[in-house]
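Student: Sharing a structure with you now.
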Amino acid sequence: MNRVRALWERVPAPIIDVVLVAAAAVDVWANLWDDTRLGIALATLGCAALAFRRRFPLGVFLLTLPVALTQPVAVAPLAALFTLAERSRNRPLLAGCVALTAVANSTPWPLAGLTEVGRTMTLITFVYSLATAAAPVLIAQLLQTRRDLARRIVEIEEAREHERALHAQAVLARERAQLAREMHDVVSHQVSLIAVRAGALQVAAKDADAKEAARTIRSLSVTTLDELRTMVTLLRASGGHATELTPQPTLNDLRKLVETSGTHAELKGELPPTVGTPAQRALYRTVQEALTNVRKHAPGATACVELWQDGDGIGVTVTNTPPTRPSLSLPGSQQGLVGLRERAEILHGTLDAGPTAEGGYQVRLRIPLSAD
């Protein structure tokens, strides 16, 4: 049933109109009763009007009534009545149209023959015609109800999907709020202690290198606290209101990043000003992650950050020397380089990382210049 309905819906409307007009004309030709010029003209007008039944259903129905009155036909008036009932929700109007169709079909033509047919036969014909005319109206109303139910089902599914989305957002908001509390109560507190202790060490230390190391630790701790506060603010946002984000880093911030990285690093090279914002952010995050790894895993090493352009590609290479002293065991997620590779793939770029022949480490990112 659904397959037949799908095939029927694929048939173009003009073809259906042509077939219906032809069927009505064949019906008139096979059951021609009034072959006068008037009768033929009314029949032709009623059949041709079926082509416009979708735009003017009531008008076309009225034009087919003379055909039902003058000729013993069924296709033209019933087709027009079906179209009207499929598009109208006015039940009294439809009932009146059914009655008019039954009257037109049961009234003898010419009217002078009413006495010859008799009242009883006319009444029987009227009842039969009434039942015949009611059938397409009931079928059309059934199809109309079916369309309404299908539309209602779609609306219910959309409402349920919207409700599921709202529920998921509520769960996510609770999880984000809980994570924000944990970050605020635990991580921020510990980083604050680090900043305080580093400040005290900077004041009390007499060695210049110790003072510089304490200053770097304090500066990084303060920067980390600012970023944590921003992350806590974002996590506490419910998602339904706009949240003002802090400016994302660009290439202009690289020099400051290198200078405050806590390592002996040098920045070389330049990139054209036409580099897109996503590419600038990827370059910045790559340098940030690489210098963080140098600070954690290669104490005492020197690093070189080189920006370069290679044909239609741009990139950055961060190379560090071997460490000069043993590294401390620090916690890590082991996801830094994985995240950088994913960011590079999104921009259709590549990220290569691995040890160098001299015992150091190198991270190289290349991004197409046209990356958005």
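Student: Which one is nearest to Arg366 (Cα to Cα) among residues in the range 266-289 that are among the hydrophobic types (A, V, I, L, M, F, W, C) and modelled with pLDDT of 90 or more?
Tutor: Leu283
Student: If you don't mind, there's one more thing I want to ask. Please find, among Thr223, Thr145, Thr122, Thr115, the residue that is at pLDDT 85 or above and assigned to a helix (DSSP H, G or I).
Tutor: Only one candidate qualifies: Thr145.
Student: Is it the case, given these coordinates, that Ala303 is crowded, with 18+ Cβ neighbours inside 10 Å, under 39 Å from the mean Cα position of the chain (by Cα) and closer than 22 Å to Ala213 by Cβ?
Tutor: No; evaluated as a whole, the condition is false for this residue.
Student: When you go through Lys256, Lys268 one by one, which is the residue that is without any contact (Cβ under 8 Å) to a residue 12 or more places away in the chain and surrounded by fewer than 14 Cβ atoms within 10 Å (Cβ to Cβ)?
Tutor: Answer to the selection: Lys256.
Student: Do you know which residues across the range 62-72 are in a helix (DSSP H, G or I) and within 20 Å of Trp29 (Cα to Cα)?
Tutor: Leu63, Thr64, Leu65, Pro66, Val67, Ala68, Leu69, Thr70
Student: Can you tell which of Arg325, Arg343, Arg295, Arg364 is closer than 21 Å to His264 by Cα, crowded, with 18+ Cβ neighbours inside 10 Å and at pLDDT below 85?
Tutor: That would be Arg295, the only listed residue that is closer than 21 Å to His264 by Cα, crowded, with 18+ Cβ neighbours inside 10 Å and at pLDDT below 85.
The values are calculated or read from the model by the stated rules, or taken from the named source; none is laboratory data. Nothing here was measured: the structure is a model prediction, and the numbers come from that model. Ideal geometry is used to build each Cβ from the backbone, glycine not excepted, and the neighbour counts take in all protein chains shown.
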